[in-house]
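> One structure, pasted below without further comment.
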Amino acid sequence: MKKYLIAPYALWMVLMAVLPATAWAYAVRGVATAILLSFTLPSLKLPWCGFKGALYGLLVGVGVFFVWVAPEMFLGLSSAAQTERATPSPYDPAVCTWALTIAKIAASAFVISIAEELFFRVWLVDFAGFWWMVVLFAVEHGERWHVGALAGIAYGLIAKRFGIYSAIIAHATTNLILGLWVVCCDRWEFW
């Protein structure tokens, strides 16, 4: 069972390393990982989180979204990513097609969020412990490590309390709102 927790995330990371940083490559990663998840997730037989767990997952997801954008939006802090606004994003429909932009939102919300949750909140917590999971989740998010750490804590706590599906709902909610916000507010530097 343990290998099934690692496989989708490992596939995503391998494809990220070998494919270029383009919109079509993100779509390929999303489709390939989704196919693997379609076999992996049902075989795990993980218990559903219930209505309360799903509701808390939605609330935590919305909260993490606000934490993710707060430094720039509400506190007036700038990040190195903001200085990259002059470079067009490969996901901006002005640069690629709307289909690839929508594929980025869908893969971010419904594919990588599941793969990361299975890897970080189930496998890595069992293998290395809660705080190592938080540290590695923070490192994975690069210059936004501080909000990555807070997200890792939030998703980890909700997974511990309500189960992994609650954390998946939270992570998917965050990524979906973030993707829609990026497109609607023209904040491509967050991708």
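> Grab the other residues whose beta carbon is less than 14 angstrom from that of Val183, score K and R as +1, D and E as -1, and report the net. Let's see the in-between values first.
Numbers: positive: Lys104, Arg187; negative: Asp92, Asp186, Glu189.
Taking every other residue near Val183 into account, the sum is -1.
> Once the Cα gyration tensor of segment 2-190 is found, what semi-axes does its equivalent ellipsoid get, as square roots of 5 times the eigenvalues, in whole Å, sorted largest first?
Values: eigenvalues 131, 81, 47 Å².
Over the Cα atoms of segment 2-190, the ellipsoid semi-axes are 26, 20, 15 Å.
> Here's another thing I want to ask about it. Just need the relative contact order of the chain here, percent rounded to a whole number, with Cα pairs under 8 Å and 6+ apart.
On the way: 225 pairs, mean separation 64.4, N = 191.
Here the relative contact order equals 34 percent.
> For the peptides 114-124, 149-159, what is the packing order when you average, over each peptide's residues, the other Cβ atoms within 10 Å and list the highest mean first? Spell out each step's value before the answer.
Numbers: 114-124: 24.0, 149-159: 22.3.
Result, highest mean first: 114-124, 149-159.
> Cα axis of helix 50-73 to longest principal axis of the chain: angle in degrees, 0 to 90, nearest 10?
Rounded to the nearest ten degrees, it is 30.
> What list of ³J(HN,Hα) couplings, whole Hz, do you get for segment 106-114 from phi and the Karplus terms 6.51, -1.76, 1.60, once you set θ to phi - 60° and write x for glycine and proline?
Working through the residues one at a time gives 5, 5, 5, 7, 10, 10, 5, 4, 5 Hz.
> Label Phe110 and Ala17 with points 7 Å out from Cα along Cα→Cβ: what is the distance between them in nm?
Result for the modelled spin labels: 2.9 nm.
Every number here is computed from the coordinates shown, using simple stated rules; none is lab data. This is a predicted model, so every value here is computed, not measured. Reconstructed Cβ throughout: ideal geometry from the backbone, glycine too, with neighbour counts over all protein chains shown.
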